[in-house]
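Peer 1: My structure is below; once you've seen it, I'll send some questions.
The values are calculated or read from the model by the stated rules, or taken from the named source; none is laboratory data. Note that this is a predicted model, so its numbers are computed, not measured. Please note: Cβ atoms are built from the backbone with ideal geometry, for glycine as well, and neighbour counts cover all protein chains shown.
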């Protein structure tokens, strides 16, 4: 099976079947066929016939039967729950399209096809033999279906950028690029040692020795610096794209690591030519700026390196979840659990380096791959010279909370309702959604998850909150959201949102006058009309800002909001018709005093046709079990689950 995986991965396939976490997350049921009394199992990936009882295809290495994502037990086709551990089983993924019939050769017969390796989102890959140089190569035929002239030009530019890498001892060599019947192709070195992901998966605790991890990371740094010096950003650094030679190095006695699959690579000077908002890469290792389709630079690759190093020494990636949105949400919002929490033997310097590479802000990461390489080499020298390198202090209780926070459990129905409201906003049907529930029930977590989804859909997200124990600043939640928007928005975009009267917003967002110093002062009005004018200008500004892209405005913890904020919310809610503006607010309604301004505003809000309430209750018993399993990192006894569910009433804060 290792060879089968290696053949597919070295060729740069992006099929989720061969990614580490996804291998246990997506399965299909293999069809059976009887032929002269003998039962065979047809591989759904390549159509190859396998013996009855086989778990993996001996033609391509793909899984042949559904297995439990928790314990790995084989499942019957009709199973809804695992009969070994009780895990609920989702619907099996649809069988992939059978592999196309492999051509016999390419490039006028120079590359003789030996077999079809697999197909990814961007290419079809074949194992071929180069008859001119008498060697096996990976022949990647780039897909061009559905691409217009500019798309084809972009593909060729990326292939040319890969060719500029030239030869490097720690990069999988690109032997040649060309065209076959107007389809670009790339000829790459065939690596026989497998990928780092393979050896991580095969290690009992899924961790590599520290010295081996440091060597692999150092060699990847050399590869990245070589690429960055030539204007190439990889954009998909992960264990599955780091390949090992079959023969060990004479100096280290270990296999040499080479960075491969530059299929997502982009030339730095051409980075703005990629599709706007396009998210590419593998979510478990993806930097926040890349997840949101923003501009990437060399430090984006260092984030992927940090996530890879994290997995090599911890046995798991820094973030994981049940779906891509959950993982991306953690990349954007959640500090990673310190690697020393999972592996207390880590040297403090390595622990700190990994956390620095995983900084949310690119400015807080190392400045270059060479800088990371120097830190790794210093650490390796200390270990090799026998210097005492104390183990990192075990992480305290704080990371436990991060593990729990990072896992989004339940709330599927509530998320679907929020997604429907966002779809309405994209269609010009603005609305207000109020999320209510007790303290600790998960209001903030739900809204953060939803905000991540909204960003991935292309919406703008503004965030403001009221705070307990502070003086209730006039319009505090709105001021926080507006200041954030103004500070990170270009002058050109701001001019599209303001009106002649927008200078009245300056007390809420002083940055507005700094960026737009020529905004005229509004004419004086009577004191009793000042609040109405402010409400009108805030409403107009937000609606104008939402014309270019739908806008999600989150206002949290309104049980602590001032009267002015509640009145402004009520004014805005009446004027959302025809806008692409969605307001998501949260409060603890049960704690509101009868005279609280938000309680006084609620009857009026509830009369609006675009007002929706979303009450959050405690987690169900099955969801409590899932959350405890994440915390404990192993299955827990059912009596414990029942007891915790009864005692906490499903409130995640108390579990």
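Peer 1: Residue 156: at pLDDT 85 or above, under 17 Å from residue 180 (Cα atoms) and in the same structural domain as residue 178 (by TED's automatic domain parsing), yes or no?
Peer 2: no
Peer 1: Out of the strands (runs of 3 or more DSSP E) lying entirely within the range 166-250, which hold 3 or more residues that are surrounded by fewer than 20 Cβ atoms within 10 Å (Cβ to Cβ) and assigned by TED's automatic domain parsing to the domain that holds residue 358?
Peer 2: Correct list: 242-248.
Peer 1: Let me ask something else. How about the range 490-508: which of its residues are in a helix (DSSP H, G or I) and farther than 24 Å from residue 564 by Cβ?
Peer 2: 491, 492, 493, 495, 496, listed by residue number.
Peer 1: Could you check the range 497-519 and list, in sequence order, the residues that are loosely packed, with under 12 Cβ neighbours inside 10 Å and under 15 Å from residue 541 (Cβ atoms)?
Peer 2: 500
Peer 1: Which numbered condition trips up residue 395, out of (1) modelled with pLDDT of 90 or more; (2) not assigned by TED's automatic domain parsing to the domain that holds residue 456?
Peer 2: Tallying (1) modelled with pLDDT of 90 or more; (2) not assigned by TED's automatic domain parsing to the domain that holds residue 456, residue 395 fails exactly one: (1).
Peer 1: If the requirement is being touching a residue at least 12 places away in the same chain (Cβ under 8 Å), surrounded by 17 or more Cβ atoms within 10 Å (Cβ to Cβ) and not in a helix (DSSP H, G or I), which of these qualifies: 440, 410, 458?
Peer 2: Of the residues listed, the single one that is touching a residue at least 12 places away in the same chain (Cβ under 8 Å), surrounded by 17 or more Cβ atoms within 10 Å (Cβ to Cβ) and not in a helix (DSSP H, G or I) is 410.
Peer 1: While we're looking at this one, here's another question. Output the number of the condition that residue 254 fails; it satisfies all remaining conditions of (1) within 19 Å of the chain's Cα centre (by Cα); (2) modelled with pLDDT under 90.
Peer 2: (1)
Peer 1: Among what's in the range 636-654 and is touching a residue at least 60 places away in the same chain (Cβ under 8 Å) and surrounded by fewer than 19 Cβ atoms within 10 Å (Cβ to Cβ), pick the residue that is farthest from residue 588 (Cα to Cα).
Peer 2: Going through the qualifying residues, I end up with 654.
Peer 1: If you don't mind, there's one more thing I want to ask. Before we move on, is residue 316 closer than 26 Å to residue 226 by Cα and not assigned by TED's automatic domain parsing to the domain that holds residue 457?
Peer 2: No.
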